[in-house]
Amino acid sequence: MSASEGREHWQLLPGAGLGPLRFGMSPAEVVDALWASEPQKRVDGPHEQEDFANEVKVFYDAGKLACFALDAVMGPQVLLAGFALAGRDAEQAHQFLLDYAAENGSCLLYTPDGSLALTDLGVLLRSQEVGGVRMSRPVFVKEDWLESEYHRDRLPLEGVPATDESPWPP
């Protein structure tokens, strides 16, 4: 199965959200937008986190949607300039973001764990291990979190390799 085959496709709305999700939504609005009766799981941590059956994880700041992550192989897919961001070879996806930024004048940012973000689009690319292979896992973050050192250094780190070594080439 390819990275996009059989997956729902969500449209990226830079700075506003993705698919049915918009930054600033309340938890009830997120449940309605995802057509869910409730989240499958709530997770304690530095950010309020809810995990949904469609493999979308959402994170709140003061009760408002501030970040959401898509699974590498399950759930929705998003394209950026025709490139599927979820479920790709992690290094290939990382290089795509570098090339995209160079061609489009996007602002690049590396987070403390070595993940790459395009701050103007609110796209943070993480990796996820799937069957012993590292695959791309996009995270969408409201811009002021990426611009704030406090929030940027505390971005949800679930699913990130537990070592100090970055999965990306230098």
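The values are calculated or read from the model by the stated rules, or taken from the named source; none is laboratory data. Treat the numbers as computed from the prediction; the structure is a model and nothing was measured. As a convention, Cβ positions derive from the backbone with ideal geometry for all residues, glycine included, and neighbour counts pool all protein chains shown. Accessible surface is based on the protein model in full, side chains and every heavy atom, while ligands, DNA and RNA are left aside. Shrake-Rupley method; radii C 1.70, N 1.55, O 1.52, S 1.80 Å.
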Exercise. How much length, in nm to one decimal, is gained on full extension between Asn54 and Arg42, taken as 0.36 nm per residue of separation minus their Cα-Cα distance?
Worked result: 2.9 nm
Problem set entry | Å² per residue, accessible surface of the chain at 1.4 Å | 50
Exercise. Counting only DSSP beta bridges with both residues in the chain, what percent are antiparallel, rounded to the nearest 5?
Worked result: 95
Seminar exercise, completed: Row for region 16-93, column shape: gyration tensor on C-alpha, a ≥ b ≥ c, rounded if a/c < 1.5 i.e. under 1.5, prolate if a/b over b/c, else oblate; value prolate
Exercise. How far, in nm, would the chain grow between Gln92 and Glu29 when pulled straight, counting 0.36 nm per residue and subtracting the alpha carbon separation?
Worked result: 19.2 nm
For this session: Working from the alpha-carbon coordinates of region 57-104, get Rg over Rh, Rh being the Kirkwood radius.
Result: 1.06
For this session: Heavy atoms only, probe 1.4 Å: what % of the accessible area of the chain goes to carbon and sulfur, would you let me know?
Result: 50
Exercise. Just the Cα atoms of the chain: what Rg and Dmax do they give in Å?
Worked result: 14.8, 43
Exercise. Using mean Cβ contacts within 10 Å as the protection proxy, how do 81-92, 7-18, 65-76, 27-38 order, highest first?
Worked result: 65-76, 81-92, 7-18, 27-38
Exercise. Where nothing but the Cβ of Lys and Arg (+1) and of Asp and Glu (-1) is charged, how large is the charge dipole of the chain around its Cα centre, in debye to the nearest 20?
Worked result: 220
